[in-house]
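Values in this text are rule-based calculations from the coordinates and carry no lab data. Since the model is a prediction, treat every value here as computed from it, not as a measurement. Note: ideal-geometry Cβ built from the backbone for every residue, glycine included; neighbour counts use all protein chains shown.
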Amino acid sequence: MNTKIARRDFIKSGVAAGISLSGTPAILQGKDDREIKLGFIGIGGRGTGMLKTTMRLPNVSVTAVCDTFPKNLRAAQALVEKTQGLKPESYGDHELSYLDLLERDDLDGIVICTPWELHLPMTIAAMKAGKYAATEVGPASSVNECRELINTYEETRVPCMLLENYCYFRYNMAVLKMVRQGLFGEIIHCTCGYGHDLRERIVLGKGTGPTSKGEGDYRSTHNEYRNGDLYPTHGFGPIAQCLNIQRGNRIQQLTSTASKSRGLRQWSKDNLKADHKRRNIRWNQGDVVTTTLKCFNGETVVLTFDTRLPRPMSFMYQVQGTHGIWMQDGDSSSRNKSVIYLDGKSPHHQWESFDSYQEKYEHPVWKSYLDEAEASGHGGTDFLEMREFVSCIRDKKTTPIDAYDAAAWMAIAPLSELSIATGSAPVAFPDFTNGAWMTNKPIFGLG
């Protein structure tokens with residue numbers, strides 16, 4: 001009998017045996033004695049950052065990289081070779097080269113950092129190839145695409161992970177710990193969103209892919225032709241954890257409203273020459289999109305998408321319950337601009353800085369990896385999410401932000417488009433768990 005098990009069979013056999021759906025997260029119990037081999041698909045700006053972070057992890061090697069832009073491929077190979085001593089195999093001769101990468105038997109997992117519209121198709125392909133898949137965030141193109149993700153997971157039982165790093169911010173994990181300990185009482189209402197001045201980025205593009213800066217890119221195209229909340233997961237992801245979405249609760253319906261579209265046109269008029277080819281584009285996307293979500297357990301969430309007007313960056317987080325409220329953007333002098341008010345504990349009708357609460361309710365993950373995490377991107381969140389993804393592969397466990405989370409969070413985009421297109425009509429939210437949300441237990445941030 002051949003005792004040498006291929007990596008693909010190793011993963012599938014683990015799933016067949018029953019990957020744990022709850023319990024202590026892998027990030028707190030991973031064994032670092034088996035080398036994990038990863039492939040990267042998409043190595044532009046974001047992909048390069050994640051590649052650097054990944055190579056800081058112990059016993060992890062990157063053996064294959066894929067990008068259709070030769071400059072990105074060469075840079076990624078050089079970076080990996082300099083760091084780990086071996087040049088990874090490259091793929092990128094055509095648009096479907098990633099499928100050739102997925103045929104390799106030496107890969108345990110795939111990291112996907114491509115344009116938005118490719119995230120879910122590539123994730124699905126990786127799962128069908130028997131490989132753990134970690135995909136960057138963005139909007140789904142359709143609800144059917146989200147259903148296909150769920151169908152693929154339920155057919156293959158190969159896990160995927162949405163790389164929603166904002167769930168790992170120190171303050172979000174501390175607030176989650178406080179919510180679970182009942183400090184805010186019963187949660188009633190939350191707000192969240194993505195406020196970021198991206199006018200130049202949207203009009204001209206980033207220039208890290210096949211098109212040069214000044215020619216636009218995938219984000220430009222989405223803003224030109226779509227009209228909805230095109231980046232819902234940064235805001236909603238951490239709030240979904242506080243509300244146990246997909247695990248004892250779910251979204252029942254949403255309504256979305258888009259403002260008029262003026263921001264990009266005005267920026268172009270003020271900053272581009274009269275003959276610039278990007279100056280007179282007719283942008284379909286509204287400047288500010290407001291979405292209201294109603295949950296089965298009665299909570300409401302207001303989600304705002306605002307990237308096309310001048311403004312400082314904000315995620316608009318607020319968690320409000322029967323015993324108190326936490327809010328960002330309340331005090332620019334406090335750490336992370338966070339304030340809190342707890343009934344019977346805070347000065348009467350006065351906000352407190354969140355700083356002392358951050359220390360008191362620091363999440364165990366941050367206590368364990370503070371020094372390592374803070375040296376990586378996005379305030380340490382990239383390190384924590386990649387370490388957890390690798391630990392899940394190593395321990396043959398499900399991921400803490402799984403296919404059901406990805407489907408629900410990313411589906412907000414096409415469903416918001418439908419609501420806007422029908423005069424802000426209420427839209428029923430699909431139950432991607434087919435009723436399992438009623439008995440599912442939380443899996444993120446345990447321990």
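When the expected Rg is taken as 2.2 N^0.38 Å, what fraction or multiple of it is the alpha-carbon Rg of region 188-273?
Ratio of Rg to 2.2 N^0.38 Å for region 188-273: 1.39.
With an 8 Å cut-off on Cα pairs and a minimum separation of 6 or more residues, tell me the relative contact order of region 367-447 in percent.
In percent, rounded to a whole number, it is 19.
Compute a Gaussian network model of the chain, connecting alpha carbons closer than 10 Å, and tell me which residue from 63, 83, 433 fluctuates the most.
Among 63, 83, 433, the largest GNM mean-square fluctuation belongs to 83.
Provide the gained length on full extension for the span residue 266 to residue 300, in nm with one decimal, where the gain is 0.36 nm per separating residue minus the Cα-Cα distance.
Stretched fully, the residue 266-residue 300 segment lengthens by 8.8 nm.
Only loop residues by DSSP count here, and only those with at most 16 other Cβ atoms within 10 Å; note down the GluC sites (Glu not before Pro) in region 67-159 that meet that.
Passing both the DSSP loop test and the Cβ count: 95, 103.
Using only alpha carbons, build the gyration tensor for region 116-181 and give me the equivalent ellipsoid semi-axes, biggest first, whole Å.
Over the Cα atoms of region 116-181, the semi-axes work out to 27, 14, 11 Å.
When only Cα pairs under 8 Å and 6 or more residues apart are kept, what is the percent relative contact order across region 267-326?
20
Rounded to the nearest angstrom and ordered from largest down, what semi-axes does the equivalent ellipsoid of region 124-236 get from its C-alpha gyration tensor (root of 5λ)?
Semi-axes from the Cα gyration tensor: 29, 24, 14 Å.
Simple spin-label model, 7 Å along Cα-to-Cβ: residue 86 to residue 425 in nm?
Placing both labels 7 Å beyond Cα along the Cβ direction yields 5.7 nm.
Could you work out Rg/(2.2 N^0.38 Å) for region 198-337, with Rg from alpha carbons only?
That works out to 1.24 for region 198-337.
Equivalent-ellipsoid semi-axes (√(5λ), Cα gyration tensor) for the chain, whole Å, largest first?
32, 29, 22
Which aspartates and glutamates, if any, have their Cα less than 20 Å from the Cα of residue 87, not counting same-chain residues under 8 positions apart?
By straight Cα distance, residue 87 reaches 35, 67, 100, 103, 105, 106, 108.
Under 27 Å between alpha carbons, and skipping anything fewer than 8 positions from residue 277 in its own chain: which lysines qualify?
71, 206, 213, 260, 269
Near residue 177, which lysines are there with a Cα under 22 Å away, not counting those fewer than 8 places off in the same chain?
Hits, sequence-local ones excluded: 337, 345, 360, 367, 441.
Net charge near residue 301: determine it from the other residues with C-beta under 14 Å of the C-beta of residue 301, scoring Lys and Arg +1 and Asp and Glu -1.
It works out to a net charge of 0.
May I ask you to compute the full-extension gain from residue 441 to residue 418, defined as 0.36 nm times their residue separation minus their alpha-carbon distance, rounded to one decimal in nm?
Length gained between residue 441 and residue 418: 5.2 nm.
Between residue 96 and residue 343, what's the calculated FRET efficiency when r is the beta-carbon distance and R0 is 51 Å? Round to 0.05.
The calculated FRET efficiency here is 0.35.
In whole angstrom, how far apart do the alpha carbon centroids of region 264-337 and region 58-122 sit?
First find each Cα centre; the distance between them is then 33 Å.
To the nearest 500 deg cm²/dmol, what mean residue ellipticity at 222 nm is calculated for the chain from DSSP H runs of n ≥ 4 alone, each contributing -39,500 (n - 2.57), summed and divided by the residues?
So the helix-based figure for the chain works out to -11000 deg cm²/dmol.
Expressed in nm to one decimal, what extension gain is obtained for the pair residue 106 and residue 278 from 0.36 nm per residue of sequence separation less their Cα-Cα distance?
So the chain would gain 57.5 nm between residue 106 and residue 278.
Compute the signed sum of charges (Lys and Arg +1, Asp and Glu -1) over the other residues within less than 14 Å, Cβ to Cβ, of residue 177.
+2
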